Amino acid sequence: MNQHKMAAIGVHLYTGVGVLLAFAAAIALKYHHVQFFLIALWLAVVVDSTDGAMARYFDVGRVLPTFNGRRLDDLIEYLTYVFLPAMAMIEFGVLPVPVMWIAVLPMIASAYGFSLEIAKTNESYVGFPSYWNVLFAYLYILAVPAKWAVVIIITLSILVFVPIRYIYPSRTRWMKGPTLAISCMFGLLMSIVCLFPDTAWAKKVAKVSLIYPAYYVVVSLLHHRRVMRSEEEE
């Protein structure tokens, strides 16, 4: 086996670590351990944010054409970004028993979104990109009232079906430098929050970190307008 194939296999194995992290998160869910749950999901995001660049660098698709790493990535993303966070909304009391059925909406909406051929372009996510793991962290840590949690979850579930072009931090060329810099700072803040989710100061850190979601939404809307104008000109 040559070095190129070994490197490609290594990248796939690295992506596969997400399965182990999903398992760890599921165990944490079973034993009602929110800190361990959030840490597992945060590490899954780290893997997911870095394996794509590694796959492109080692040209994995060409070296191992019979194994679809993107499909593996999608399976892990659905578990760690959608299914487990949605279940956590029930387990950790974000959604009380009378409205716990709301948790199925992200699952259905994101199942649709993940199945679309145009869910991702070279530079954009199309429709709300299923950041339910991030949403759960905020709803739990900020102790958002159930009625507002329901409104937010329903709204974002609907936005999965609305073809707005959201920025892809590692691929969208426009504003890529500032986006990556702010994304790294956001990741650092969220790592602290995940390590100490039930402390009073974690809530303050989480509030400060809301700057990034606000930035992400604004830049995504501007990016969407640029893409639409470009398509109209063509």
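The values are calculated or read from the model by the stated rules, or taken from the named source; none is laboratory data. On a predicted model such as this, the values are computed, not experimentally measured, just so you know. With ideal geometry, Cβ positions are generated from the backbone for all residues, glycine too; neighbour counts draw on all protein chains shown. The protein model used for the area step is the full one, side chains on, heavy atoms only, and it has no ligands, DNA or RNA in it. Shrake-Rupley method; radii C 1.70, N 1.55, O 1.52, S 1.80 Å.
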Exercise. Quick one: in region 11-49, which of the residues that are free of Cβ contacts under 8 Å to residues at least 12 places away in the same chain and of a type outside the set (Lys, Arg) is least open to solvent (accessible area, probe 1.4 Å)?
Worked result: Ile27
For this session: Scan region 191-206 for residues that are loosely packed, with under 13 Cβ neighbours inside 10 Å and part of a helix (DSSP H, G or I) and jot them down.
Result: Ala200, Trp201, Lys204
For this session: Find the residue count for region 216-234, including only residues that are without any contact (Cβ under 8 Å) to a residue 24 or more places away in the chain, within 18 Å of the chain's Cα centre (by Cα) and either surrounded by 14 or more Cβ atoms within 10 Å (Cβ to Cβ) or assigned to a loop (DSSP other than H, G, I, E, B) (or both).
Result: 0
For this session: Could you please let me know if Ser130 is surrounded by 18 or more Cβ atoms within 10 Å (Cβ to Cβ), in contact (Cβ under 8 Å) with a residue 24 or more places away in the chain and not in a strand (DSSP E or B)?
Result: yes
Problem set entry | For Leu188: the one exception among (1) open to solvent by less than 80 Å² (accessible area, probe 1.4 Å); (2) closer than 25 Å to Ala28 by Cβ; (3) without any contact (Cβ under 8 Å) to a residue 24 or more places away in the chain | (1)
Problem set entry | Single residue of region 96-127 satisfying the filter (open to solvent by less than 30 Å² (accessible area, probe 1.4 Å) and assigned to a loop (DSSP other than H, G, I, E, B)) that is farthest from Leu189 (Cα to Cα) | Ala119
Exercise. For Leu75, which of the numbered conditions (1) farther than 17 Å from Gly18 by Cβ; (2) open to solvent by 60 Å² or more (accessible area, probe 1.4 Å); (3) assigned to a helix (DSSP H, G or I) fails to hold?
Worked result: (1)
For this session: Go through (1) in a helix (DSSP H, G or I); (2) within 20 Å of Leu135 (Cα to Cα) and name the single condition Gly93 misses.
Result: (1)
For this session: Could you look through region 78-95, keep only residues that are surrounded by fewer than 21 Cβ atoms within 10 Å (Cβ to Cβ) and not aromatic (Phe, Trp, Tyr), and pick out the one that is farthest from Leu21 (Cα to Cα)?
Result: Gly93
Problem set entry | Failed criterion for Pro213 (all others in (1) open to solvent by 30 Å² or more (accessible area, probe 1.4 Å); (2) in a loop (DSSP other than H, G, I, E, B); (3) touching a residue at least 60 places away in the same chain (Cβ under 8 Å) hold) | (2)
Exercise. Only one residue in Ile141, Ile154 is within 24 Å of Ile102 (Cα to Cα), open to solvent by 50 Å² or more (accessible area, probe 1.4 Å) and over 16 Å from the mean Cα position of the chain (by Cα), so which one is that?
Worked result: Ile154
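Please count how many residues of region 157-170 are aromatic (Phe, Trp, Tyr) and surrounded by 14 or more Cβ atoms within 10 Å (Cβ to Cβ).
Going residue by residue through region 157-170, those that are aromatic (Phe, Trp, Tyr) are 161, 166, 168.
Adding the requirement that they be surrounded by 14 or more Cβ atoms within 10 Å (Cβ to Cβ) leaves 166, 168.
Within region 157-170, residues that are aromatic (Phe, Trp, Tyr) and surrounded by 14 or more Cβ atoms within 10 Å (Cβ to Cβ) number 2.
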